[in-house]
Each structure stands twice: as structure tokens, then as C-alpha cells.
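K.L.:
Quick one: the structure is below, and I'll ask about it shortly.
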Amino acid sequence: MNMELHSLTGLELAGKIRRKEVSAREGVADLFARIERLEPALHAYLSLNRDAALARADEMDSALARGEAVGRLAGVPVAVKDNLCTTDFPTTCASRILQNFRPPYDAGVVEALRREGAILVGKTNLDEFAMGSSTENSAFGPSRNPWDTAKIPGGSSGGSAVAVAADLAHLSLGSDTGGSIRQPAALCGAVGSSRRTGASRGTASSRSPRRSTRSGRSPRTSATPRCSWKSSRTTTAATPPACPAPAQPYLEIAERPIEPVRIGLVKEFFGEGLDPEIAAAVRAAVAVLEKLGAKASEVSLPHNDYVIGAYYILAPAEASSNLARYDGVHYGYRSSAAQDILSVFARSRAEGFGAEVQRRILLGTYALSSGYYEAYYLKAAKVRRLILQDFDAAFKKVDFLIGPTTPGPAFGIGERVAKPAGDVPGRHLHHLEQPRRRPGDQHPVRLYPRRSAHRHADHGQRHGRAAPAPARSRVRARDGLARGAPAEAVNGRPSRAAECGTGCLLRD
């Protein structure tokens, strides 16, 4: 083989395979050779299956040899975050409570990628049950940033970001509640994209919070996610989308001029705590967009200071309810020290869940308990409505909101363990191409898109009840930006990222 196939984008590799310039087996074998070299240092994966991937590649090569039609991602190796269900891999959610769980079905986005010919090579690491922003909360050890292995890769989809940033996958799927795809993509120098709820069916064994989590991708370029979004869009009667919408020709949309677009710089995003270099990089990106014809102006989100407080009431409350299923009885881990049914519940959950998950369950249970529901959960739900109204008002003036993906660069592993902080909520977009930067310039940018016109009233308001259920996310994601060029690659050169499927991470 006279080229490093792992360095190609997914679209490039798929094209070479269809033209029979290389075989799908060669692509998979080359990728696993790189994984064997770098995985011990990076820990991007929780499970791998080389034999199954090679067998699937042989099937794809045989289909091409017979002249059969193949999908858009035929032969492209893809990694999947380990909270998305797969029948041929364990789905652990990086938790001991699901250490040996093997689902009886595939997630909808996984089904769609298989139909398009993508080859699953493994399941990637994450913060346990996607609770965290550094991948340090994984029960099986943290992933490491490929540009500096002493730093965190971000989270919760940290393993997915590492896989594409270090050329350990051509495309990786993740999930996103408050930046869990876009933040690690930014810190690892990939492109993170996530669509509005319902754009793709990401059935997972567990979600937290269930109503506001979306699946997405990490690719290497901004073109790849558009292709893979089209591949992964799927709806079924069993799991209808939250906001039905017809499939759009994303590759064609990417070629449209940017001239009519109005971009809003949220003044609250540029306040205290933001790294000055990141602020400068965001404004530089805006200047590039203005040169391309976009119109930029400043807008305000007056209730932005209350976002994190509301998140840490609403998200733990949903986690408390959603994780009640893991009780040591139905499936998953069961404590061997349990003596009766109550101790089965208590010991299994205490031994199976990690510290961050336990913290969120306790906080959520407290916020939902009698006497505190009105004081905490109900007030947080009202604040969420005010935050939504701020976005509605801003989107009457502009088409996109732009801001930094993170307030600072990647921090050291273990640096903030004493003061754990989970996902910082936010709404962001996927991939607007950004000028290449010099190694060392970690300045991710985030775009927040106009919300969908499709409105959903709170459950309680619809039915006249005093206790509204958590509302769906109302911010619609279309196209955004989350890229940065890390200081030093594991292999001594900047890496490129791949294509994507649900929520994904791609290459350059």
C-alpha cells in the first residue's frame, strides 16, 4: 500500500473504494494498524472487533466486484459512542452497572449507517452515562487529548473526538445534551456537528437527560457531516422524530452563497472568564464570514447567567428519573453482597454507578422531592422558558448566533477532579469551515442556529397540569463551527478528522 489510508477523509476513502483504487479490507486493516500503535496511549475505545470489521469489509468488496449498488459510506470505518446501542458490541455507557450489557437491537442511526455500507470498528469512551465534560468520569479510565496526552479531550463524547482527531476512525458518532459533541471536537481539532432533536433516531440504552439529548458526529471536514447526516436520517413508527422535517440536500446547501446570512454576536458570551485569545479568534472568524458576505451585529441574551443553574436542576432531575431502571433486578450489574431486595437496589446502584452519576441522581432526587419540587424544579422550568424567549427574540433579528465553544483551552487530566463540573449547556452548530491555524491555536468557535418554527408547549400547559414535564429542546441546529489546531499530534503532525453519522466527529 503506497498511502496511509487512515489519513483520508471518509468521503475520500469511500470514493477510492467505489472506484476500486483500494479495497475496503485495505482501509480497515490500515486503520487497525494505527489503532494498535496509538490506542494504548489515548484510550479512545472501550471495545474493538477487528475480525468482524474485516469480514464486513470483505462483504463490501465482494458486492462491488459483482457490480452491486453500495451506499454513500461503503467501506468507511466508523466508531460509535458507547451509549448508542449496537447488537455486535457491548453497550456500557462507560459504567460498571452495564459492563456486560449487549443490546438486542441497533440504534436507529447505527442501522442507517450500516445500510449505507459503513463498517463499525468499535465503541468509544465517554463520561459515564454522558455525565461530564472531560471523559474523566468513565468507569474504565479517561481518554487523552491526542495533541497533548496530559490534557483532557473534552466530553462527554471525548473518545469519539479522539478517534477522529488521531486518525483512529474516519467518522465517529456521539451524543449531545449541552455541547458533548461540539466541545470535545473543538478541544481535539475535529468538526463537531449535532442536529436538532429528531433529525436522526439515536436510540441509546440510556440518555441523560432523555428529552434533550441529540445524537451527532465528529468529522474531519465540514462537507462530510452533511453527507453523513443525509445517510443517518431515519424515522420509524416506533420512534418518531420530535420535529419532523424532510431530508435536505446538505452538500448542495453548502455551496450556496453566505451573503444573505445575518450573524449575531451574543455580548454575554464575551464576559468575565473567557480566554482573551479565544475571544479574539471568534471575532477573527466573524471577520472572515463578513468578508464572505454575512452581516454581523451584537445581540443580547439577558438571562444567560441563569443557564447553568437551570441546567443543574433540570438535567439531574431527568437523570434521577431515567436511571431508576438500573436497580440490579432487570439487567445490568447486581451486587454479590446483597442480602434482600432493598440491599439489591442500594448496593447494586452504589457499586455500579460512579461518583458523578451518584451526585446527579442525589441532586435530581432532592429537587423532585416533596416540598422542594416547586422551589427548585418548577422554578428552573420557568427560567428555561425565559431563556427560550431570549433566543426567540434574538432570532427575530439574526439567522445565527455565534460564540466560543469553550471559555478556555483543554485543562490537565485530574486538574479539576476536586471540583467536578459537568456539561456546560449551550446550543451550537456544526461545521462552518474555518481558516487553518498554526499548531497551538486552540480557539474553537460555536454557532447557534435559528430555532425551528415548529413550537411545542410545555406538557403541563397543554394538559392543564401544575407540574410540567421537561420540554424538548427548542433550538434548531443547522450549520456551525467547532475547530481548533492542537499543539502537537501523537504522531508528530497535525491530524485530520473524518466523516460522520448521527452526532459525529470528522476529519479535515
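The values are calculated or read from the model by the stated rules, or taken from the named source; none is laboratory data. Please read all numbers here as calculations on a predicted model, not as lab measurements. Ideal geometry is used to build each Cβ from the backbone, glycine not excepted, and the neighbour counts take in all protein chains shown. Side chains are part of the model used for accessible areas, which takes the heavy atoms of the whole protein and leaves out ligands, DNA and RNA. Shrake-Rupley method; radii C 1.70, N 1.55, O 1.52, S 1.80 Å.
K.L.:
Near the amide H of Lys151, under 5 Å away, which other amide H atoms are found, from residues 5 or more places off or on another chain, if H is placed in the peptide plane?
P.N.:
Residues meeting the amide H criterion: Asn145, Ile413.
K.L.:
Quick one: if you take sqrt(5λ) for each eigenvalue of the C-alpha gyration tensor of the range 142-199, what semi-axes come out, biggest first, whole angstrom? Could the numbers behind the result be given before it?
P.N.:
Values: eigenvalues 74, 27, 13 Å².
So the three semi-axes of the range 142-199 are 19, 12, 8 Å.
K.L.:
Further, regarding this structure: Give me, ordered by chain and number, the residues 5 or more places off Tyr45 or on other chains with an amide H under 5 Å from its own placed amide H.
P.N.:
Asn125
K.L.:
How large is ³J(HN,Hα) for each residue in the range 261-278, as worked out from phi by the Karplus curve 6.51 cos²θ - 1.76 cosθ + 1.60 (θ = phi - 60°), to whole Hz, x for Gly and Pro?
P.N.:
Karplus values, whole Hz, x for Gly and Pro: 6, 10, 10, x, 8, 7, 5, 5, 6, 10, x, 4, x, 7, 4, x, 5, 5.
K.L.:
With unit charges on the beta carbon (Lys/Arg positive, Asp/Glu negative), name the residue among Asn83, Gly15, Leu54 whose Cα is farthest towards the positive pole of the charge dipole of the range 1-120.
P.N.:
Towards the positive end, the residue furthest out is Asn83.
K.L.:
Suppose R0 equals 45 Å. What FRET efficiency, 1/(1 + (r/R0)^6) with r the Cβ-Cβ distance, do Lys379 and Glu4 give to the nearest 0.05? Write out the running numbers ahead of the final one.
P.N.:
Details: r = 55 Å, r/R0 = 1.22.
Approximately 0.25, to the nearest 0.05.
K.L.:
So with the 1.4 Å probe, I'd like the accessible area per residue for the range 256-360, rounded to whole Å².
P.N.:
Here the per-residue accessible area is 55 Å².
K.L.:
In nm, to one decimal, how far is the Lys396 label point from the Tyr366 one, both placed 7 Å along Cα→Cβ?
P.N.:
Modelled inter-label distance: 3.9 nm.
K.L.:
Tell me, what ³J(HN,Hα) does each residue in the range 308-318 have, in order and in whole Hz, if you take phi through Karplus 6.51 cos²θ - 1.76 cosθ + 1.60 with θ = phi - 60° and put x for Gly and Pro?
P.N.:
Calculated HN-Hα couplings, in order: 5, x, 5, 4, 7, 9, 5, 5, x, 5, 5 Hz.
K.L.:
Using a simple charge model, +1 on the beta-carbon of Lys and Arg, -1 on the beta-carbon of Asp and Glu, nothing else, what dipole does the range 28-177 show about its Cα centre, in debye to the nearest 20?
P.N.:
The calculated dipole for the range 28-177 is roughly 100 debye.
K.L.:
Next question. If we sort 38-51, 272-285 on the protection proxy, mean other Cβ atoms within 10 Å, highest first, what's the order?
P.N.:
Top to bottom by mean Cβ count within 10 Å: 38-51, 272-285.
K.L.:
Something else about it: Return the ratio Rg/(2.2 N^0.38 Å) for the range 27-186, where Rg is computed over Cα atoms only.
P.N.:
Against the empirical 2.2 N^0.38 Å value, I get 1.00 for the range 27-186.
K.L.:
Something else: Relative to the present Cα-Cα distance, how much length would full extension add between Glu259 and Arg50 at 0.36 nm per residue of separation?
P.N.:
That works out to 70.6 nm of additional length.
K.L.:
Also, quick follow-up: At what distance in nm do the modelled label points of Gln339 and Arg19 sit from each other, each positioned 7 Å from its Cα along Cα→Cβ?
P.N.:
7.1
K.L.:
Among 368-376, 181-189, 16-24, how do they line up by average Cβ neighbours within 10 Å per residue, starting with the highest? Don't skip to the answer; put the middle values down first.
P.N.:
Details: 368-376: 12.4, 181-189: 35.9, 16-24: 17.8.
Ranking the peptides 368-376, 181-189, 16-24 by packing returns 181-189, 16-24, 368-376.
K.L.:
Right, another one. Could you derive backbone 3J(HN,Hα) for the range 363-370 from the dihedral phi with the Karplus parameters 6.51, -1.76 and 1.60 (θ = phi - 60°), listing whole Hz in sequence and x where the residue is Gly or Pro?
P.N.:
Couplings: 5, x, 5, 4, 5, 9, 6, 4 Hz.
K.L.:
With the other protein chains left in place, how much accessible area per residue, in square angstrom, belongs to the range 11-60 at a 1.4 angstrom probe?
P.N.:
Each residue of the range 11-60 exposes 46 Å² on average to a 1.4 Å probe.
K.L.:
Quick one: which residues, 5+ away or cross-chain, put their amide H under 5 Å from the amide H of Val266? H built at 1.01 Å from N.
P.N.:
Result for Val266 returns Val299, Ile402.
K.L.:
Still on this model: Take the alpha carbon atoms of the range 319-364, find their center, do the same for the range 70-140, and report the distance between the two centers in whole angstrom.
P.N.:
Measuring centre to centre over Cα atoms gives 23 Å.
K.L.:
Hey, got the dipole for the range 44-111? About the Cα centre, +1 on K and R Cβ, -1 on D and E Cβ, debye to the nearest 20?
P.N.:
260
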